[in-house]
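What follows is a set of notes on a single structure, which appears directly below.
We did not get these values from a lab; they are worked out from the coordinates using the rules stated. All of these numbers come straight from a predicted model, not from anything done at the bench. Positions of Cβ are backbone-derived with ideal geometry, glycine not excepted, and every protein chain shown enters the neighbour counts.
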Amino acid sequence: MTRMSRSAVAAILCAMGLATGFAAPAAADTYKLGYITDLSGPFVDTFKPVLQGFELYFKRVNEAGGIDGRKVEIVTRDDQLNAQRAAAHARELISSEEVNSLWAMSMSSTLPGIYKLAKRHKVPAVSSVSAIGMTLPPAHDYAYSTGNPFNVAGEVAGKLAAQLFPGKGRMTCVTIESAGGFAACAHTEASFKDRGFTVEKVFFSPRKVEFGPLGQKIAGTKPQLVVTHLPPRLTEGVMIHTRAGGYKGPMMFNNVSINEAGLIQGVEKAGVSEGVYTFSRYTLAHEETPELAEIKATAKKFGMDPDAIAVNHVIGWVSARLAEAALKKCGWPCPGDALNNALDDISVDMGQLTGGPITFKGNDHQGTSWWKVYKFDGASKRFKPVTDWVSAPSTLQYKIKN
Amino acid sequence: MSAGRPDPAGRPPTLPTRITHRFELFRGREWAWLGMGAVAALAWPLLVTQHWLHITNLSLIAVMGAVGLNLLTGNARLVSLGQAAFLAIGGFSAGAMAHHFAAPFWLSLIVAMLLGGLFGLIVAIPSLRLKALYVAITTLALHFGVTAAFAVYLARVIRSEGILIDPPHFGFFELYDAAPWYYFLLVIAALVVIGALNLQRSHLGRRWVAVADHEVASAALGISIYRAKVSVFVITSMLVSFAGCLGAYYEGVVTEGFYDLHLAIAYLAMIIVGGLGSVLGSILGAFLITLMPYGLDFLLKIGGIKISAGSISGMHSVLYGLLIVGFMLFEPLGLAEIWRRVRDYFTLWPFKYRPLDQLRQR
Amino acid sequence: MLQVITVLEIAGVYALLALGLVMIYRTSRVLNLAQGELAIICAYVAAVTTGSGFPWFLAIPATLATGAVAGAVIYISTMRPILGESPVVGIMTTVGVAILIRGLMVIFFGGDTTMLDSPFGDTVVLSGIEIGSEHLFVLGGSWGCVLLIILFNFYSSTGLLMRAVSDDVTLAAQRGIDVDRIVGIAWVLALVVGAMAGYLHGQRALISTAATLIGVNALIAAFIGGMDSFRGAIVGALTVAVVEFVTIQLVESHWAEIALVVLMLVVLTFRPWGLFGTVEELERV
């Protein structure tokens, strides 16, 4: 055998090995849902429990026989908070794993790419933590969200504050320097100005690790109320350093999937337990409702500590309930296009986990959301509701000039 | 400059001579290999799934970026941590041109190259007065400056988390699916590779190496240090921005978060693992480093090993780190050198060394 | 008052990291790009030790020991083999070390974000202003360590040897100084100091993979001051802290990053050796 042909045979064998190795697995008789989230970035303690909530729900569904006898399989990918990796995973999930939908997603920066792919491949994508303008009316096709749209949260903040802190005053809105943050504070400003407040805005870089100067800047605006729209951990950082900067008044945090334990840790480190408020579109796990008891019982059954259940699990659970309802409506077989038709006009009651049903209709892929304020109770170390649910339509009330 | 101090152990310097006069992959009858390679390259989309084709495309884009970085860091010995910044300049030019002017594909590419060149010039100016060491820090500074500026641009001007870019059109044909992109990128990457090989042999490429080896000696020989450094920065920045622009069109979306320091380090890993100063090395490194995370996931999957998704990305980083350190310490010439040795082993077998009359050909 | 304390706290942490960079650069002419990563992984160790119930006077030695071991391991395994090679090799190797450590952080600590509890009581009232005790601790701890390093460098025999090696390595070797040992000691010390900086950073801010960026600010400080000058590192750290603080107060935090970068580029354009660095001689052909 000459050198040439020997190498050629090797090359051909190699190519054959590759081709068989890379071949796609055959589809089974299960619903396959794609789940993309961040499992290793700085926000892992936010996104991981959301995934656990989502998985718990479907573990229970599968154990009870699945949806009309068909099991639900969740294929999870870690995007490391990186938009390119998120997009690559979305492509892979759609083309190789043949999932019929994408769920959760991580930070808002990963969303535009995924929504774009989703539309292109006719597979619905439903974000559950972050939310961006693409799901608000007029929504993009195939783009849905049960998450926390910063601009809607900004508008509802004014409504909620008016109930709790009647009268006029000075407020400071704190957020990150990003499109979502910018919109959040612009809408917060509009809704508070409408109610007679004067408004200051403080932006900071999401990469910031030094909170000291920032806390002093916030305290230096001499506010009577501070509202933040920040990812978890940055919220705690800002709280601690604003307190250290000398501000002891009320602070109201937009609860973007911030788990209660983390927030309490921040409160303890800040040393001021009075005047800590958080407003959330999901029921905090410190409340007692039948649905929360159900989540905790399921957690216990599958070997998880029920006391570790937090609002993040609630978020995952709610989106799993939405997924189940959509799959049921879709029937079998349920390719992405059919599931999209099911999601396009759906309303799922979440009991007391949210203030009202999750509704998608026509070009509104966000639906009305309901929000509630919790106050930290220093004695019992728990968050207790201080308002009722307040509704916020997905059509924005205030127009912000570009 | 790089001569530094005497080596205590009295060993010969281990870094490569940074001119490879010949594209080492193909010689003489190895043109047959080239033909086979071409056939395999053309048939590749038929052999693999969409997912792996997508990763191949990402690798091809990485090849262009790595070739650019290798000219700068491998040949001219200017360590750049600003790779992500230049890719971002290309990506954001594509985004901005598409968003504000609905510009066609080719125009975005030209603008990306011009802007990249301009920023290359801006970094080159302070670097002229600095030693190689300082170039690392000025390019790092550029990285933070540029990404912060783009974050502000997205937040204040675009008011979105990212800019969506429509796929390029050629007449009625829309460049969207992975297979057409693959052929398109293959052609462009081949052109870039041939261009870089020629550049290395040109008077410009030789000047870069001369200046990197000894500034004072090169100046004494009449080489303008100023021109050499400025030209290498401008040309490689243009190339990298071009790759960034292509990447943005390929992804169809530009976000700020993608262009992080991790990306710049991944490109450094490519050229170190591939081989500093070698175009072949840039290609091998770009493919290896782009494939690595997906390959690892794939291996774990077929191996049936369950590791929490979080640890996997930690393992990716550890692997990058080990590869960089390992190649730096044990094989500074990179995969290109390993490839040469393996090839020699097979072509010379059963002999260990080349006959004397062939030695001069190397 | 509060502002001054904050600036000094930040500057203290940067100064410690920058001094570590300077120590390493002076003896081995390597730019350690992994300083921030090493500091933060040590802070994680501190968080784990205090989290599992150990008091601060045990947590600090554990943290510093991690730094020392890391320094020794990195020096022996990666730096000694490349001693005397071109600076490009050194930079690349530390980049590799940095990314390696980042991966270890994710594997061992889940890339989680944590905080350290203050070792002392709650707040102290100082001339009418309420200050958290941890801030005073960071202030005292960081500047105390800075002072110790200066004293060590100028008044101890090892410090003298280190200065000799940094002035002229060949001459030092010819005079019988064990260069290998001295450079090794410099690495270990630099990383112990870095570990302290990581611990103090954790006292006043968040520990996360993103926090490794403090290393970049320390690099900027060291470059502004001059890579081979202790005085320069301290002045550079103060400058960086002041510029950062003032830009955040007056403009916005994004501009703080850009301002630091511009400041450094301006300094390097006009004084490439930094404010206090040694002007390096022209090479001979």
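Put +1 on the Cβ of each Lys and Arg and -1 on the Cβ of each Asp and Glu in the range B:123-256; which of B:Leu199, B:Val240, B:Val253 then has its Cα farthest toward the positive end of the dipole?
B:Leu199
First check a/c for the range B:49-361, with a ≥ b ≥ c the square roots of the eigenvalues of its C-alpha gyration tensor; if it is under 1.5, answer rounded, and if not, answer prolate when a/b is larger than b/c or oblate otherwise. Before the final figure, lay out each step's value.
Numbers: a/c = 1.57, a/b = 1.15, b/c = 1.37.
Verdict is oblate for the range B:49-361.
What's the extension gain from B:Leu204 to B:Ile122 if we count 0.36 nm per residue and subtract their Cα-Cα distance?
Working: separation 82, 0.36 × 82 = 29.52 nm, distance 2.00 nm.
Full extension of this stretch gives 27.5 nm more.
Let a ≥ b ≥ c be the square roots of the eigenvalues of the Cα gyration tensor of the protein assembly as shown; is it rounded (a/c under 1.5), or, if not, prolate (a/b larger than b/c) or oblate? It would help to have the intermediate numbers written out before the result.
Details: a/c = 1.81, a/b = 1.19, b/c = 1.52.
Here the protein assembly as shown falls in the oblate category.
Full-extension gain between C:Ile150 and C:Thr278, please, as 0.36 nm times their residue separation minus the C-alpha to C-alpha distance.
44.3 nm
Modelling each spin label as a point 7 Å along the Cα-to-Cβ direction, I'd like the A:Ala261/B:Ser224 distance in nm, to one decimal.
6.5
Points 7 angstrom from Cα along the Cβ direction at B:Leu348 and B:Leu175: gap in nanometres?
For B:Leu348 paired with B:Leu175, the spin-label model returns 4.3 nm.
What angle do you read, to the nearest 10 degrees and between 0 and 90, between the alpha-carbon axis of helix A:44-63 and the longest principal axis of chain A?
60
Run the quick spin-label model on A:Lys193 and C:Thr269: label points 7 Å from Cα toward the beta carbon, then report their separation in nm to one decimal.
My value for the distance between the label points is 3.9 nm.
Apply the membrane-span-like helix rule to chain B: whole DSSP H runs, Cα extent along the own long axis of at least 30 Å, mean Kyte-Doolittle hydropathy at least 0.5. List the helices found. Present the calculation step by step, with values, prior to reporting the outcome.
Working: long enough: B:105-128 (34 Å, 2.26); B:132-153 (31 Å, 1.66); B:178-201 (34 Å, 1.48); B:225-251 (39 Å, 1.08); B:279-303 (34 Å, 1.61); B:309-330 (31 Å, 1.60).
Long hydrophobic helices here: B:105-128, B:132-153, B:178-201, B:225-251, B:279-303, B:309-330.
First measure r as the distance between the Cβ atoms of C:Phe54 and B:Ala40, then evaluate 1/(1 + (r/R0)^6) with R0 = 51 Å and state the FRET efficiency to the nearest 0.05.
0.30
Relative contact order of chain B, please, whole-number percent, based on alpha carbon pairs below 8 angstrom and at least 6 residues apart.
30
Starting from the eigenvalues of the Cα gyration tensor, five times each then square-rooted, give me the equivalent ellipsoid semi-axes of chain C, largest first, whole Å.
Listed largest to smallest, the semi-axes of chain C are 30, 23, 18 Å.
Cα centroids of the range B:170-225 and the range C:14-72: how far apart, whole angstrom?
42
Can you sort C:Trp273, C:Trp255 so the residue with the fewest Cβ neighbours within 10 Å comes first?
Least crowded to most crowded, the residues run C:Trp255, C:Trp273.
Find which of B:Ala336, B:Leu299, B:Ala148 sits farthest along the positive direction of the dipole of chain B, computed with +1 on the beta-carbon of Lys and Arg, -1 on that of Asp and Glu, about the Cα centre.
Highest projection toward the positive end goes to B:Ala336.
Calculate the tail of P(r) for chain A: the fraction of all Cα-Cα distances greater than 39 Å, expressed in %.
21
Among C:Ile129, B:Ile55, rank each residue by its count of other Cβ atoms within 10 Å, from fewest to most, as a rough exposure measure.
Fewest-to-most Cβ neighbours within 10 Å comes out as C:Ile129, B:Ile55.
Take the cross-link list A:Lys48/B:Lys301; A:Lys71/B:Lys301; A:Lys193/A:Lys381; A:Lys269/A:Lys381; A:Lys296/A:Lys328 and give me the ones stretching past 23 Å between alpha-carbons.
Numbers: A:Lys48/B:Lys301 21 Å; A:Lys71/B:Lys301 21 Å; A:Lys193/A:Lys381 33 Å; A:Lys269/A:Lys381 13 Å; A:Lys296/A:Lys328 25 Å.
Violating the 23 Å Cα-Cα cut-off are A:Lys193/A:Lys381; A:Lys296/A:Lys328.
By how many degrees, 0 to 90 and rounded to 10, does the Cα axis of helix A:111-121 deviate from the longest principal axis of chain A?
Rounded to the nearest ten degrees, it is 40.
Roughly how many debye, to the nearest 20, is the charge dipole of the range B:49-361 about its Cα centre, given +1 on each Lys and Arg Cβ, -1 on each Asp and Glu Cβ, and no other charges?
Details: 18 positive and 14 negative charges, 192 e Å.
For this selection, approximately 920 debye.
Give me the angle, in degrees from 0 to 90, between the Cα long axis of helix C:35-51 and the longest principal axis of the Cα atoms of chain C, rounded to the nearest 10.
Around 40 degrees separate the two axes.
For B:Leu323, C:Leu263, what's the fewest-to-most ordering of other Cβ within 10 Å of each Cβ?
C:Leu263, B:Leu323
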